[in-house]
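A short write-up of the structure that comes next.
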Amino acid sequence: MRDNHRLEIKFRTAGKAFPPRPIRVEVPGWGGSPDQKRQNRSTPQPWHCAPFVEGGTYGLELLYQYETECHVINNGRDLQIEWDYRKEPGGVLGQDEFSIAATRPAHSYVFATSVDMQAPPGHVLRTEPHTRFFTDITGTVPVAIVGHVQTEWWAKKLFVSFKAPDAGQRHIFRKGEPYVQILFVPQRMAFPTIKMNPDEEAARSELEEGILAAKSHIAKNVWYDPAGNEFNDHYKVLSRAFAQDGHGGVMELVRSAAEHEKKAVPRGMTLAEYFALADKYQKDGKYIEAKATLAHARSLNPNNAETSSRMGTLAQIVGLPEVALQLMGHAARLDARSPTNQRNLGNILKEMGRLPQAEAAFRASLALAPNDPEALAQLGLTLALQGRGEEARACHEAALAIDRHHAPALRGLAELPARTPQ
């Protein structure tokens with residue numbers, strides 16, 4: 001286990017300034033929504049991404065300390081500062097906490113933080129845009145300009161420079177909101193670049209390919225956004241392995257996951273064998289393996305309708321109706337004479353509440369296979385949901401005439417109100 005490095009940072013404050021503090025992930029806030037979990041159909045959030053969170057919470061942050069908001073506005077010609085320091089309860093040091101650069105047009109402005117921090121020997125204080133800037137969609141978050149300050153001997157309170165807002169936009173400083181990320185880095189640091197030798201390149205390529213191929217099996221949690229894009233925590237799992245056992249731990253984890261992937265999806269099988277294997281995984285609840293098996297089958301024949309149909313069914317099972325609709329629609333286009341594809345397409349549309357389209361799909365299925373009790377029963381359920389009870393009853397009765405034990409038809413018929421006596 002690697003020890004954390006520690007740099008002790010001494011500070012002093014004046015007036016109402018808040019002390020510097022470790023950066024915190026704000027959820028809700030710049031970290032995203034707490035309602036979007038790492039689960040299927042969730043929209044990706046900043047807090048889902050371990051590298052972003054680790055980088056965004058590195059170092060310290062400073063918070064705006066005043067009750068009175070400050071707006072820095074670019075009116076298209078010059079910068080204006082809207083901040084009435086005289087309204088601040090208890091008063092402030094003066095009117096110079098905010099100032100605009102002397103250049104015209106002004107490309108930056110400055111805020112006096114009232115915080116002094118002293119870097120350890122050999123280090124400098126580095127300012128960075130605060131992490132919340134990178135997830136902001138309002139254009140109102142101040143953008144700190146990168147700078148190194150030799151605070152080991154520079155004993156003045158910190159002034160932070162900011163990039164001017166774009167024309168027509170404004171930056172807003174509100175009490176308690178962070179406005180800058182502070183790092184402490186070596187004052188002088190050389191970064192010589194050395195090309196890897198062939199053995200090193202081969203080892204890196206092998207590790208890269210192994211991670212790419214087996215990332216779903218490395219991960220402890222795998223989920224998909226509404227568009228079907230896969231997200232997982234394989235980075236976090238690998239990071240923990242490295243922290244515990246170093247490079248060897250990472251290599252062993254990748255090797256083990258790659259072996260699992262190869263065993264899960266054997267090469268050299270027929271499409272029928274892959275379909276049977278995917279069915280088994282699906283029944284066992286091993287959806288990652290089922291998806292990998294079907295994905296490999298599709299790579300062998302991208303235009304096979306049954307592969308798309310099976311992938312659509314799997315997407316529906318794991319709760320991705322939009323993806324299921326896309327895949328099943330593709331299957332129906334590849335094989336327009338398949339009543340099963342049309343019926344499956346109707347089932348997805350019905351579950352999504354798109355009832356007229358579902359009805360059309362079930363009718364297309366029945367045009368190809370008029371005596372399919374399942375399509376008749378599902379059409380009946382779709383008609384019932386649209387308030388067309390008599391048409392629904394006729395469909396259920398027709399399905400039962402073909403198969404008197406057909407469960408959906410029996411259930412649908414039981415849910416319909418009894419016929420009014422003539």
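The values are calculated or read from the model by the stated rules, or taken from the named source; none is laboratory data. If you're wondering where the values come from, they're calculated on a predicted model, not measured in any experiment. So basically every Cβ, Gly included, is an ideal-geometry build from the backbone, and we count neighbours across all protein chains shown.
Annotations for the structure displayed:
- For HIS171, the conditions (1) under 30 Å from ASN75 (Cα atoms); (2) modelled with pLDDT under 95; (3) in a strand (DSSP E or B) all hold with the exception of (2).
- Members of region 367-377 that are surrounded by 21 or more Cβ atoms within 10 Å (Cβ to Cβ) and under 19 Å from GLY329 (Cβ atoms): ALA375
- Of all residues in region 1-35, those satisfying the criterion of being modelled with pLDDT of 90 or more, over 30 Å from GLU88 (Cβ atoms) and exposed (fewer than 12 other Cβ atoms within 10 Å of the Cβ) are LEU7, GLU8, PRO34, ASP35.
- Yes/no for GLU201 being among the charged types (D, E, K, R), out of contact with any strand residue (DSSP E or B) (no Cβ under 9 Å at 6 or more places or on another chain) and not in a strand (DSSP E or B): yes
- One residue from ALA295, ALA315 being touching a Gly at 6+ places or on another chain (Cβ under 8 Å), part of a helix (DSSP H, G or I), within 21 Å of ARG333 (Cβ to Cβ) and not β-branched (Val, Ile, Thr): ALA315
- Matching residues in region 378-402 - criterion: being surrounded by fewer than 17 Cβ atoms within 10 Å (Cβ to Cβ) and of a type outside the set (Val, Ile, Thr): LEU385, GLN386, GLY387, ARG388, GLY389, GLU390, GLU391, ALA394, GLU397, ALA401
- Candidate set from region 63-102 (those that are touching a Lys or Arg at 6+ places or on another chain (Cβ under 9 Å) and modelled with pLDDT under 90); member that is farthest from LYS163 (Cα to Cα): GLY90
- Pairs meeting the criteria (first residue in region 63-83 and on the phi > 0 side of the Ramachandran plot, second residue hydrophobic (A, V, I, L, M, F, W, C), beta carbons under 7 Å, at least 6 apart or on different chains) are GLY76/ALA167.
- Candidates in region 258-300 are the residues that are surrounded by 13 or more Cβ atoms within 10 Å (Cβ to Cβ) and hydroxyl-bearing (Ser, Thr, Tyr); of these, the one that is farthest from ASN40 (Cα to Cα) is TYR274.
- Among residues of region 381-406 being out of contact with any Leu (no Cβ under 8 Å at 6 or more places or on another chain) and touching a residue at least 24 places away in the same chain (Cβ under 8 Å), the one that is nearest to GLU351 (Cα to Cα) is LEU381.
- When the test is whether a residue is outside the structural domain of GLU97 (by TED's automatic domain parsing) and of a type in the set (Gly, Ala, Ser), ALA203 passes it.
- Looking only at region 337-360, and only at residues there that are of a type in the set (Gly, Ala, Ser) and within 16 Å of PRO408 (Cβ to Cβ), the one that is surrounded by the most Cβ atoms within 10 Å (Cβ to Cβ): GLY346
- Among the strands (runs of 3 or more DSSP E) confined to region 57-153, there are none with at least 2 residues that are of a type in the set (Lys, Arg).
- For region 43-56, a residue qualifies if it is surrounded by fewer than 16 Cβ atoms within 10 Å (Cβ to Cβ) and assigned to a loop (DSSP other than H, G, I, E, B), and the qualifying residues are THR43, PRO44.
- The single condition among (1) outside any helix (DSSP H, G or I); (2) modelled with pLDDT under 95 that LEU183 does not meet is (2).
- From the list VAL237, VAL160, VAL180, the one residue that fits, being closer than 21 Å to TYR58 by Cβ and either under 24 Å from the mean Cα position of the chain (by Cα) or outside the structural domain of SER108 (by TED's automatic domain parsing) (or both), is VAL237.
- Matching residues, region 297-330, being touching a residue at least 60 places away in the same chain (Cβ under 8 Å) and of a type outside the set (Val, Ile, Thr): ALA315, GLY319, LEU320, GLU322, GLN326
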